[in-house]
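Coordinate-derived values only; no laboratory data. Owing to the predicted nature of the structure, the values given are computational and were not obtained by experimental measurement. Every residue, glycine as well, gets a Cβ built from its backbone with ideal geometry; the counts of neighbours run over all protein chains shown.
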Amino acid sequence: METLKKLAPFMLKSRVVEVGRDRLHQIRKQLAFLLITTDLSGNSRDAVLRDFPCPIYQCLTSADIEVIFGFHGTKIIGFHRSPLATSVLPDLRMHLLDKEALKNAPAPLPASPKVAILGASGIGRHHANWWNLEGAQPVAFLGSTPASVSATAELLSSSFSIHPKGYTDLQALLEETQPDIVDVCLPPALHYQATKTALEAGCNVLCEKPFVYDDNLEHEQMLAQVKELEEMALAKRKMLGVCTQYIMAEQECLSIFSKHTKLEKPEHFQGTLVSPTRNRPPVPHWTWVDLSPHMLAVAQALSHNGRINWKTLKTEFTGHQARALFDCERRDGSLLHCDILTLHRDEEPKNVRQITIDGNTFDIGGYKDEKGVFNMRISTPWGSVDREDMLRLLIRSYIKGKIEMTAPMARRNLEWMLYIIRAGVRGQQPPIVRKAP
C-alpha cells in the first residue's frame, strides 16, 4: 500500500476521495471505485455490493484509514475518476471483490446466533466462553458419555456461568436445538464427519485445526474430504471456516511491524510454537499436526496466500520436534523465507509462542484483566501491546460474517501440512541455524 500512502495527501487536497454513506450514495455513478475495510460487517459489505456499480476493493482496517487519510471511524471511501485514483490500482488489484461470487455468499447470521459446541471440555470451553461474550447463544454442547456431559456442564457453569444443554448424540442435538453455528472442537479424526453432518443439517461451521486429520487415511483421502466439505458449504450457502487463531495475532504483529519499519512485505518469517508433551510419545509428525497449522496460517497471511516453492523445502523431524524451512512466493514475485519450528517438551519454558518478522520477535502471551477475562499481550521490540484474545477476535469476525481462514485457505493449509509431513518422514535434514527458545 506504499503508493496509496504516498498519494493520500494529494488525493485529499484534490478532493479525489469522498466519505459518508449518504454522500457516496448520491455520487455512486461518478465513482471510479470504492475501498471498504476488512472490519466492515458482512451485512454492510453486502449492501455496498448491491448498491454501488463500481469496482469494490476490500483491504486495510478503519485504524489504517485513520492513519493514511485522517478519517476517524471510516470504513468506506469512494474515489473519483482521476489519474491519482488510477495510480493506486496496482496496490489494490489483489483485493478486488468478486461480485458474482459474493451473490452466492452465505446468508447473514442472526444478531445473536445459536451456537452448538462439539467437544466443550478442552479448548471448546474457551470457544463457548468467547461465543457468549461476543453476543452469541451457546445453546448446546456434545460430549462422549453421560458422565463427560455432566462434568462439562458443571465446568461451563462454574467457570463462565454458561448453561448450554448437553448431548451425547449429534443428530439429537441438531434436531432439538437447531443451531445457526456448529463449532467443531472434537479430536481431528472426527472433524470430517461432524462438519459434514452439521452442513447437511443446514448449519454454518467453524472447525478447530487441523481441518481434518486421521493417521489411518492416505493424504489424498484427507484432501478429498476437505474438497467435499468445501463444495458442500458452497452449495448450501453456509459459512465454513477453520480456527487457526494465530492468523489474528499475525495481523496485530504485522501492523506493529509496518508502523515502526514502514515495510509491508517482510522477507523473513520465523514461527515458533512450543507446548507441553502431555504424556504424548515422541512422534514428530504428531507435533507437526498439533501445532503447525497455526504457523502455516501465518505464513499464508504474510505471503498474501502465496505458494511454496517445494524445491526449497528442508525438514527436520526428530523426537518431539518438527521443523520446516521453505520459501513462499507472492503473486508479485517477491519471496517470504519461512522457518517454522514446532516442539513438545516438559522443560521450561514449556509454552513459547513467537512470530519473528525480519528479525523482530513478537512474543505472544496473555493476562487476565480486572474482570477476569483473558487477553493477549504481545511483547515487541518496541514495547508491550495488549489486545483482546486472538481466539475471541476470530470468533468476533465469524459472527460479523468474515471468515478469517476460509475453506480454500484451509485446504491449502492442509496441503502444506501434509506435504511437509511426507518430506519430514523421508528424513530430509536442513542445516541447523537455530534452536527452540
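For the stretch 2-103, pairs of C-alpha atoms spaced more than 18 angstrom apart make up 41 percent of the total.
If R0 is 60 Å, the Cβ-Cβ spacing of Arg237 and Glu347 corresponds to a FRET efficiency of close to 0.75. Simple point charges give the picture: +1 on the Cβ of Lys and Arg, -1 on the Cβ of Asp and Glu, and for the stretch 114-243 a dipole about the Cα centre of about 380 debye.
For the stretch 100-210, the Kirkwood estimate of hydrodynamic radius, built from reciprocal distances between every pair of different alpha carbons, is 14.0 Å.
Beyond a 30 Å Cα-Cα separation, which of these cross-linked pairs lie in this structure: Lys265/Lys371; Lys209/Lys368; Lys209/Lys314? As for pairs spanning more than 30 Å Cα to Cα, those are Lys265/Lys371. Cβ crowding within 10 Å, taken as a proxy for footprinting-reagent exposure, orders Ile162, Ile247, Ile395 from fewest neighbours to most as Ile162, Ile247, Ile395. Centroid-to-centroid, using Cα positions, the stretch 137-206 and the stretch 6-30 are 47 Å apart. Distances longer than 14 Å among the Cα atoms of the stretch 34-74: what percent of all pairs is that? That tail contains 45 percent of the Cα-Cα pairs. Length available on full extension from Arg81 to Arg15: 0.36 nm per residue minus the Cα-Cα distance, which gives 22.7 nm. Using just its DSSP H runs of length 4 or more, each adding -39500 (n - 2.57), the chain gives a mean residue ellipticity at 222 nm of -12500 deg cm²/dmol after division by all residues. The residues neighbouring His337, those whose beta-carbon lies less than 9 Å from its own, together hold a net charge of -3 under the Lys/Arg +1, Asp/Glu -1 convention. Ellipsoid fit via the Cα gyration tensor, the stretch 161-242: semi-axes of 22, 15, 11 Å, each the root of five times an eigenvalue, largest first. For the options Asn132, Asn216, Asn309, a Gaussian network treatment of the chain with springs between C-alpha atoms closer than 10 Å singles out Asn216 as fluctuating the most.
Each of Thr37, Thr195, Thr3 has some number of other Cβ atoms within 10 Å of its Cβ, and from fewest to most they run Thr3, Thr37, Thr195. Computed extension length for Arg331-Trp382: 15.3 nm, one decimal, from 0.36 nm per residue of separation with the Cα-Cα distance subtracted. Among Arg45, Arg15, the order by Cβ neighbours within 10 angstrom, fewest to most, reads Arg15, Arg45. Charge dipole of the chain (Cα centre as origin; +1 on each Lys and Arg Cβ, -1 on each Asp and Glu Cβ, all else neutral): 1200 debye, rounded to the nearest 20.
If R0 equals 56 Å, the separation of the Cβ atoms of Leu217 and Cys54 corresponds to a calculated FRET efficiency of about 0.75. Once divided by 2.2 N^0.38 Å, the Cα radius of gyration of the stretch 321-430 becomes 1.31. In sequence order, the stretch 131-140 has phi-based couplings of 4, 5, 5, 8, x, 7, 10, x, 9, 7 Hz under the Karplus curve 6.51 cos²θ - 1.76 cosθ + 1.60, θ = phi - 60°, and Gly or Pro positions carry x. Taking other residues whose beta carbon is less than 14 angstrom from the beta carbon of Pro187, and scoring Lys, Arg as +1 and Asp, Glu as -1, yields -1. The Kirkwood hydrodynamic radius of the chain, based on inverse pair distances between different Cα atoms, is 23.1 Å. Charged neighbours of Asp215, selected by a Cβ distance under 14 Å, balance to -1 (K, R count +1; D, E count -1).
Working note: Karplus 6.51/-1.76/1.60 with θ = phi - 60° gives the stretch 165-175 the couplings 7, x, 9, 10, 10, 5, 4, 4, 4, 5, 5 Hz, where Gly and Pro are set to x. Computed about its Cα centre, the charge dipole of the stretch 306-437 is approximately 480 debye, with only Lys, Arg, Asp and Glu carrying charge at their Cβ.
The distance between label points at Ala111 and Leu89 comes to 4.1 nm (points 7 Å beyond Cα on the Cα→Cβ vector). Counting pairs of alpha carbon atoms under 8 Å apart in space and at least six apart in sequence, what relative contact order in percent does the stretch 114-243 give? Dividing the mean separation by the residue count of the stretch 114-243 yields 22 percent.
Within the stretch 340-366, find all residues whose amide N lies under 14 Å from a label point positioned 7 Å from the Cα of His260 along Cα-to-beta-carbon. Within reach of a label on His260: 355-364.
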